[in-house]
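The values are calculated or read from the model by the stated rules, or taken from the named source; none is laboratory data. This structure is a prediction, so every number in the text was calculated from the model and none was measured. When we count neighbours, we look across all protein chains shown, and the Cβ atoms used for this are built from the backbone with ideal geometry, even at glycine. Note: areas computed on protein heavy atoms with side chains; ligands, DNA, RNA excluded. Shrake-Rupley method; radii C 1.70, N 1.55, O 1.52, S 1.80 Å.
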Amino acid sequence: MEKNKTRKYLKYAIGEIVLVVIGILIALSLNNWNESRKLEQKKEQLILNLIDDFEENIVQLKSSIDYSSSLSEKMNTYFEISYSSDVEVSLDSLKSLAHSFFTPTPFFASLTTYEEAKANGNLNLLKSKVLSKEFTAFLSEYNFFLGIKDMGRDSYFKGPTWELKKSTGSLYTILKQKGKNRFDIKVGNNMDSYIKLIKTPLVTATFEQRHEINRYLNLSLKQLKLISENIVKSLKESKK
């Protein structure tokens, strides 16, 4: 009888242990499932926010590309008129075209979601080497774009633009206002004097530099747009 009681107690104890273990395993499984669900939701929200940001970048880039291309067309028209002997245009129109060389092209990338995700480690949720490379490519190209913009801004304080400002007393002598430069050339309403001025080596170098800066900005903007479109495509594919 004692042996039978002991066997019953052992079976009961083993049964209790098995039930406890099964309960623990179920609880752990539910907890893991819940955590995975939370991470998946966080990942989905991150993807949606990144898509919103880079789609906004694409909209801005399209506008900036159009603007930069418009400036380029005006610059080319200015060169054509300036170096042509049979094109008639008013001095005011020519000066208006000259403004395109010194008009900046705006673009400010929307990177709030990316920077926050990088700071808190949530970028790891994406688990995508392709996206990682595309983000790196975008940041690299954006830094290049900003560098070119800085070059354009710095040219006001050094380089041909700065030398031109020192020589003419004011850059606006060529762009807008009446006045004299150090060569004693009256620019006001005299087309011949104006053409003579803008054909000097210093003015030519200045305008060509500004034209090149705009060209590189335009190319960089187009590259940023292409990378942004690839990022949006990869993000949408990662949702599937």
In segment 117-138, residue nearest to the chain's Cα centre (by Cα) [restricted to those that are open to solvent by 50 Å² or more (accessible area, probe 1.4 Å) and under 20 Å from Lys236 (Cα atoms)]: Thr136
If you take the residues of segment 66-102 that are within 22 Å of the chain's Cα centre (by Cα) and crowded, with 16+ Cβ neighbours inside 10 Å, which of them is farthest from Thr206 (Cα to Cα)? Tyr67
Could you list all residues from segment 37-65 that are in contact with a Ser or Thr (Cβ under 8 Å, 6 or more places away or on another chain) and open to solvent by less than 40 Å² (accessible area, probe 1.4 Å)? Leu46, Ile47, Leu50, Asp53, Phe54, Asn57, Ile58, Leu61, Ser64
Mind counting the residues in segment 198-240 that are free of Cβ contacts under 8 Å to residues at least 24 places away in the same chain and either open to solvent by less than 40 Å² (accessible area, probe 1.4 Å) or touching a His at 6+ places or on another chain (Cβ under 8 Å) (or both)? 2
